[in-house]
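Notes follow the structure.
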Amino acid sequence: MSHSWSRPLRTAVGAAAAFVSLAVLAACGGAAQAPAEGTKAHPVTVTFWAWTKGSQQVADEFNATHDTIKVKFEEIPSGGLGGYPKIANAIKAGIAPDVLSIEYPSLAQFVSQGSLKDLSSYMTPAVKKEFLPQTIQLTTMGGRNWAVPSDASPQIFYYRKDFFTRHHIALPKTWAQFRTAAQQVKKAAPGTRIATFFPDDPTFFQTMAWGAGASWFTTKNGAWQVDTTDAATRKTAAYWQGLIDAGLVSTAPSYSPEWTASLKAGTTVGYLGASWGAGTLAGIVPEEKGKWAAMQMPSWDAAHPSVGMSQGSTFAVSKNSTKTAAAMKFILWMSTSPDSVRARLSASTSTALPAAPALVPVARKAIDTSFYGGQDLYGLYEKAGATIDPDWLWGPTAAANNTLRDQLHGVVGGSTTLPRAITITQSATVAALRGSGLKVEDAS
Amino acid sequence: MSTDTGTDTTSTTGGPGAPTAARGAAGPRRPARRGPQRTGLAAGLLLTPFFALFTVAMLIPVGYAIWLSLFTQKLSGLGFEGPRNVFDGLGNYVDTLGDSAFRHGFWVLGGYVLFYIPIMVGGALALALLLDTAIARARRFFQLALFLPHAIPGLIAALIWVYLYTPGLSPVVSAMHSGGIGLDFFSANGALPSVVNIALWEWLGYNVVIFYASLQAVDRSLLEAAAVDGAGNWRLAFGIKLPLIRASVFLVLLFTIIGSLQLFTEPLLLSNTGSSITSAWTPNMYAYSEAFQLNDYGRAAAASVLIALIAAVLSFGVTRIANRKGARA
């Protein structure tokens, strides 16, 4: 897919897109835009919506250290629980704040609705160099930059070290070994499973496909290319269908009471999560302190480990903002300043991996890893971050996720299978995108 | 948009609108002595708050929903330039009716109604008749106990039931499991009965109270006469009491049908639990997901208007049948 896209062409398209975006900026921006900074007496006020814990502290810290730009923070419900509709409505009504927190999987939906400002002119090569390249790739669509990465979230496998040691189960480096380990876990304790296939969250499966090298969406020739049934996805679908059919994984919904109950009871001894999940897990089962450990997510090829990214968030500027320059100052401070990380971690135990590698030591120092027996989590995360497959882009419509979610209900219910689910997802996604007027090429 | 549907459809039940309108119509007839002008003024004054609220909370939203349903947002290229609002005529209606997910919602509703209405109406009648028999004891206690679930908001009720349905968490499921019954409340076949069960639990007591109240209003001398003529408890219940409270049976039937059409909260909560309930399981959920997950307000408005129309037609039908039967009786 994007491999076949030759480099000179890519550059040419990128340059053309940058030119167009500059022209658009010049045409509609300009006069209405406020200056980057105000004065001490009349600071520029930037409004900011997010739900991440510690955001208030970050805004407070920014206000304490800056006097020409002031940030007004408002907490909103998390994206899936009403935050995204709230943002979409506010943008429609023209009352959206300047700065928005948007997770990677939803970014393209906002971009393709024309809801966000093109930030290409601020994302200079020097700025981009401060971030993990894959996170820049994920925020670039049609050759333009639409958001600034906040964290990177490589997949990580968390497991009950005590259980694996007691039953002499080898740590799985590949998916083949993972299946063997799953069988051993089930044999060692019949009611126990190695991990959970989350059926309620379609991004779980998508991230697995991503790690296998799938590429569902790309922007090419001014059209969205859609392929949810490529070889890597088919391989992933067949593999997980096999695990589900053999009853080797549990299928409780993500972070549901059912899932947490099984963690507490010790009948789920692993968690296919991401970097930020370490804090979540430690919060759910504090009594299992010292029993857990983290490792690189299994891969298809042990020699070339490759993972996807589960959730993770970015900062974007809403279309209506008249303070893009000031908003960008605040955003870049949030994403690249050690003060911001410290402020966030003063109120949160999130083990998110900062998208800017320079901030990793700050996070490492602030996070207590005694739950994982003092393991160097951030050392692992940095290594895992480097193995994120760079060729993935989330889609411009919720239809792909919605269809897949509905299909996954049937998969765990036994009325359909994953290979069938991805085929249906392909046709539903293409139809939904065409229906909305977007230019789409069915690449399957 | 789903809240609009809520208000649309209740208006068709004749809930808040009907009694006031009836009062208004009866107004000028009675006090003819005082002169029509003063009465008109008084009626106008008394009706103003109602009509003001009715306009703001009902007519304007309904009108806006209809307006929205005629437009669609069109993107172009990669979508970066944002959507254009395009007049689409009845396009949204054609697309909605053509969407198999929307039509499937009505099949689900059909199955739900088939399960729910007989159990609900039959169960409520049976319980009310039991309460009304001479041999019933501790009537007040049972009345209160039956009504109590209704005092719990639907959302909370659904949460409680989700807990009771969840394997690995629910004491009921684990008790059944150890008893050898492996029932999955979230499976493809279990989801519908699970939702029906929640609705029954919430609404049964309410309807029992309605039936019981109208049973209490039945003329006791009729019952005594029947008893003297040798009618037993069964005969009394089915031969005398039931025909006499037919009006409230139809009322309950009407409310239950409208309520079923608006089925939303319970399945929405269950859909987040990994159950086989999909995002457009009922027509109302379809409207919700089009608006708030897929960002297609035009389609959501069209779906809402269609649901309201269907509710209007159904309630008209039920009322007609009820009136005809009432006239015959």
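What follows draws every value from the coordinates through simple rules; no lab data is involved. Since this is a predicted model, take the numbers as computed values, not measurements. Cβ: placed from backbone, ideal geometry, glycine included. Neighbour counts: every protein chain shown.
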Selection from B:ALA124, B:PHE250, B:GLY230 lying farthest towards where the dipole of segment B:90-328 points positive, charges on Cβ: B:GLY230
Segment A:297-443 shape via C-alpha gyration tensor axes, a/c threshold 1.5: oblate
Under the span-like rule (Cα at least 24 Å along the axis, Kyte-Doolittle mean at least 1.0), DSSP H helices of chain B: B:36-54, B:100-132, B:191-216
Hits among aspartates and glutamates - C-alpha to C-alpha of A:LYS187 under 18 Å, sequence gap 8 or more where chains match: A:ASP162, A:ASP245
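What size of dipole, in debye to the nearest 20, comes out for chain A about its Cα centre when the only charges are +1 on Lys and Arg C-beta atoms and -1 on Asp and Glu C-beta atoms?
Computed about the Cα centre, the dipole is about 300 debye.
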Mean Cα-pair separation over length for chain A, i.e. relative contact order, pairs under 8 Å, 6 or more apart, %: 26 percent
Nearest-20 debye value, segment A:216-304 charge dipole, Cβ charges on Lys, Arg, Asp, Glu: 120 debye
Interchain or long-range residues, amide H under 5 Å from A:LEU393's placed H: A:TRP216, A:PHE217
Amide proton proximity set for A:LEU438, modelled H, under 5 Å, gap of 5+: B:LEU75
Kirkwood-Stokes translational diffusion coefficient of segment B:90-328, alpha-carbon pairs, 37 °C, 0.692 mPa s, µm²/s: 163 µm²/s
Cα gyration tensor category, rounded, prolate or oblate, for chain A with a/c compared to 1.5: oblate
Exercise: per-residue mean of other protein chain Cβ atoms within 10 Å, A:422-435: 1
Which listed pairs, of A:LYS264/A:LYS291; A:LYS264/A:LYS365; A:LYS289/A:LYS365, have C-alpha distances above 21 Å, in listed order: A:LYS264/A:LYS365
Alpha-carbon centroid distance for the pair segment B:59-86 / segment B:274-319, whole angstrom: 18 Å
Cα-derived Rg to Rh of the protein assembly as shown, Kirkwood definition: 1.03
Segment B:190-279 - charge dipole about Cα centre, Lys and Arg +1 at Cβ, Asp and Glu -1, debye rounded to 20: 120 debye
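Taking 27 Å as the cut-off for C-alpha to C-alpha distance, list the pairs among A:LYS86/B:LYS74; A:LYS72/A:LYS220; A:LYS329/B:LYS74; A:LYS129/A:LYS173 that go past it.
The pairs that break the limit, which is 27 Å between Cα atoms, are A:LYS72/A:LYS220; A:LYS329/B:LYS74; A:LYS129/A:LYS173.
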Chain A: DSSP helices with Cα axial extent of at least 27 Å and average Kyte-Doolittle hydropathy no lower than -1.0: A:7-28
